[in-house]
Each structure stands twice: as structure tokens, then as C-alpha cells.
1. Which one of THR268, THR344, THR272, THR324 is among the β-branched types (Val, Ile, Thr) and surrounded by fewer than 16 Cβ atoms within 10 Å (Cβ to Cβ)?
2. Of all the helices (runs of 4 or more DSSP H) wholly in segment 164-263, which have at least 1 residues that are open to solvent by less than 70 Å² (accessible area, probe 1.4 Å) and over 19 Å from THR118 (Cβ atoms)?
3. Mind checking which residues of segment 89-103 are out of contact with any Phe, Trp or Tyr (no Cβ under 9 Å at 6 or more places or on another chain) and buried (at least 21 other Cβ atoms within 10 Å of the Cβ)?
4. Is it the case, given these coordinates, that THR216 is at pLDDT below 85 and among the β-branched types (Val, Ile, Thr)?
5. Check LEU122 against each of (1) buried (at least 24 other Cβ atoms within 10 Å of the Cβ); (2) within 24 Å of THR396 (Cβ to Cβ); (3) of a type outside the set (Phe, Trp, Tyr); (4) over 11 Å from the mean Cα position of the chain (by Cα) and name the one condition it does not meet.
6. Among the residues of segment 138-150, is there at least one that is farther than 20 Å from LEU65 by Cβ and open to solvent by less than 10 Å² (accessible area, probe 1.4 Å)?
7. Just to be sure before I move on: is SER384 at pLDDT below 90 and open to solvent by less than 20 Å² (accessible area, probe 1.4 Å) in the structure I sent?
Amino acid sequence: MSDWHSWAALAVFVGAYALIISEKIHRVAVALGGAGLMLAIGATDDVSAFYSESSGIDWNVIFLLMGMMMIVGVLKKTGLFEYLAIWAVKRARAKPFRVMAMLVVMTAVASALLDNVTTVLLIAPVTLLVCERLALPTAPFLIAEVMASNIGGTATLVGDPPNIVIASRAGLTFNDFVVHLAPLAALLVAVLLLLCRVMFRKSFAYDEDRAAEIMTLEEREAVKDPRLMVQGLIVLALVVAGFVLHPVLHYAPSIVALLGAGLLVAVTAVETHEVLAEVEWPTLAFFAGLFIMIGGLIDTGVVDEISHRLADLIGGNELGGAMTLLGGSAVLSGVVDNIPYVATMAPITADLVHEMGDGGHHVLWWALALGADLGGNATAIGASANVVVLGIAERTGRPISFWQFTKYGLVVTAATVALSLVYVWLRYFALS
């Protein structure tokens, strides 16, 4: 990092991060301002920012979000989310912690089959309605769900974007992820529930009158447009099938989501401007600015320098390497979005695997996946799903601050990463 561009880019990123944490300036303004500074100082340029796959705006993420937001916007008009909210509350007997547990498990399972961003887009509207019906604070429920989405996404190849990058580089299959990571993910979801019971214990006030009122409701009466709901669910099912069949169809999730959104608008009577009004444009702008800032760190060699220093620290010790890679990735992924981080670390990890022989169990790849995926829970901007949920909360008038999320995120990340370190040691070293 001898070049002044590297230090300038690092200063811009640290300054922007500090402003986001302070919340004195809106995070969208900070991200776009930071992106502009990165371009102004020459840390990156227009070609890298807008066209580079490795260091520019990840258009796959942007258009995946846009497509799914449009689909969710149509489904919201049908009363489907009201139906699901009433159904969930009645099944949980209107007990707040039971409701949270049900939503957390649903989110984790769905995140393993879809991707975690898509899942929170679908679950968040249901959660907001549940909390409104039971007069409960929304922040604990949304925070618990987004953490469940990041943990559940760890379980499969399609659950979290970094896993797709790792699978492509390491030649791993969907079944490899299920066999090696799904058992741990299931355990971590159970741990998350225990932590939520303690962290949010003051949020589980039971209102007997409201509970009795909800138990008398008929969920089917909440459906406003059955025809539109059926059309929306068919399109959503096709989109989900497209996500799951990605290894066969080779269509990027963004393409599948946009095709689904376009089809839904085309075959229904919903006005296009109404659907576009449901898109969280500030969230998309924040992502664009954040990607450009991170791209500046990549283009100037800052991320590469950090990654190589980590590789030098690991050396030839496979156990120490796995522990360092898992812990270091968790820390860095809490600060830098885990997608570009994994894209940068993947070739370095491949070199380490080649040098160490790896023994055929791919432990370094699993360490990288666990650290990147679970580390995303550490801060409010550590993973894409976190940013999306914060955007939804703000738009509905129930904002969640950076520190409100992060103070719980650090606890969950510390616990899940610690258990993951034990899991990796036991499975691949102590018992092998």
C-alpha cells in the first residue's frame, strides 16, 4: 500500500463508514458521496465502477433486488401477507416468542432454498403485520429474522451469494454444501433462538385481549384479490424453481427475478407505475454507492493487501489456517460486503488449498464460507439482507439504527463463529 491512491481510498472508506455509524448523515447520502470521492481521487474509474465484475457495482444483486421487490409489491396488493400473518399468529397461539420462533425457522429454511435477500423481502411484510396485530416492537423480530436468513443461507450453495463464488472456484456441488454445512446451520439456528429469548426478553409482552381478538379472525377474509394472488404465487413458484435449478439452467438469479417481475406485470391488470413505486430505490442507491467504494479498495490493492497478509499469517498450518481464515473472514465481512471479499479471497484460498493438499475435505473452503456468511450478521451493513431489512423498516416508519442492529449482531456473530470454530476443529481435525 505504498501508492497514495491506496491510502486515500482507505481514508474515504473509513470516513464514510464512520459517518454511517454516527447516523448524522443519511447512509444513502454517505454511500453516494463516498462513491463520488472514490471516482474523483482516481481510486476507481467509470469502467471499473459500472462494468467490472470483480470491483464494480454488482448488477446481479441490484437487479435481483429490483425484480423481487416488484414481485413482492404485487403480492402485497392481494392480501397474502395479511393471510400469512393471521395464520402464523393463530398457529403460535399469539404467544410473542412462539411467533418469533416460527418466523425465524421459516426464514432460515427459506433462505437455504432461495437466497437470503429474497427471503427477507418475502418475510418482512408478514412480520410487520404480525407485530402490528399484537402491538409488539418490530425491531427485535426483523433483526432476528435477518440473522436467521444469514445463518440459513450458509447451509446451501444457493443460500448466500458468496457460496456461489466459492462453489464455482472450488468445484463444489449443492450436495457438498448440504453435507458439510447444513448440520451446523441447523444447530446455529437453535442457538439463535436461545439468544433471542435472552436478548429480546423485554419484547415478549403477552396481550390477552389482542390475542383473543386475533384468534377469532378468519385468515381467508384477509385475501382481497384471489385471482391476482394465484397469478403472483404461480410466478413466484416459477422464480423459485429458476433459483433452485441454477446449476442446470445457468440463468443468473437477477435474470430469473426480472423475468418473473416482467411476466407478472404483463399478465395482470396491475399498473406498472404502482409496481415500480414498491421498489426500495434508496436501498438500491445505497448498494450502488457501497459497491463503488469497495471497488475503490479493490482497485487500489487495499483488499488484496489485507488478503495476502492473511495468507502469509496462515502459512502451511492447515488447522491454524482454517481457524484464521474463519475468524478473519468473519471480522472483515462485518465491515466489507462479503461478496467482493470472497471474490478476492477465493484465488488466495485456492492457492493455499493447492499448497497444503487439503486432504480432500475442503476445510479451507468451508472456513471461508462460514466466516463470510456468519460475519455478515456482525453489523448493519455486513450483508445485503441486513441493508434490505433496514430499508424496509425505515420506509414503514419503524427505523432500526446502525447500533441497535449491531449490538445484537456482535453477540450473535461471536456465538455462532465460536461454535463454527469448534465444529471445524472437531469434524476435520480432532475426529478425522
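1. Values: THR268 fails: surrounded by fewer than 16 Cβ atoms within 10 Å (Cβ to Cβ); THR344 fails: surrounded by fewer than 16 Cβ atoms within 10 Å (Cβ to Cβ); THR324 fails: surrounded by fewer than 16 Cβ atoms within 10 Å (Cβ to Cβ).
Exactly one residue qualifies, and that residue is THR272.
2. Values: elements: 174-199, 208-215, 226-244, 246-249.
In segment 164-263, the matching helices (runs of 4 or more DSSP H) lie at 174-199, 208-215, 226-244.
3. VAL89
4. Details: at pLDDT below 85: yes; among the β-branched types (Val, Ile, Thr): yes.
Spelling it out, THR216 is indeed at pLDDT below 85 and among the β-branched types (Val, Ile, Thr).
5. That leaves (1) as the condition not met.
6. Step one: of segment 138-150, the residues farther than 20 Å from LEU65 by Cβ are 138-141, 144.
Add one more test, that the residue is open to solvent by less than 10 Å² (accessible area, probe 1.4 Å), and what stays is 141, 144.
Among the residues of segment 138-150, at least one is farther than 20 Å from LEU65 by Cβ and open to solvent by less than 10 Å² (accessible area, probe 1.4 Å), which makes the answer yes.
7. yes
Yes/no matrix, rows are residues, columns are (1) in contact (Cβ under 8 Å) with a residue 40 or more places away in the chain; (2) under 19 Å from the mean Cα position of the chain (by Cα):
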site	(1), (2)
GLY289	yes, yes
ILE314	no, no
GLU318	yes, no
ASP337	yes, yes
THR349	yes, no
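The values are calculated or read from the model by the stated rules, or taken from the named source; none is laboratory data. Because the structure is a prediction, the values reported are computed rather than measured. A quick note on method: Cβ atoms are made from the backbone with ideal geometry, for glycine too, and the neighbour counts reach across all protein chains shown. With ligands, DNA and RNA removed, areas are computed over all heavy atoms of the protein, side chains included. Shrake-Rupley method; radii C 1.70, N 1.55, O 1.52, S 1.80 Å.
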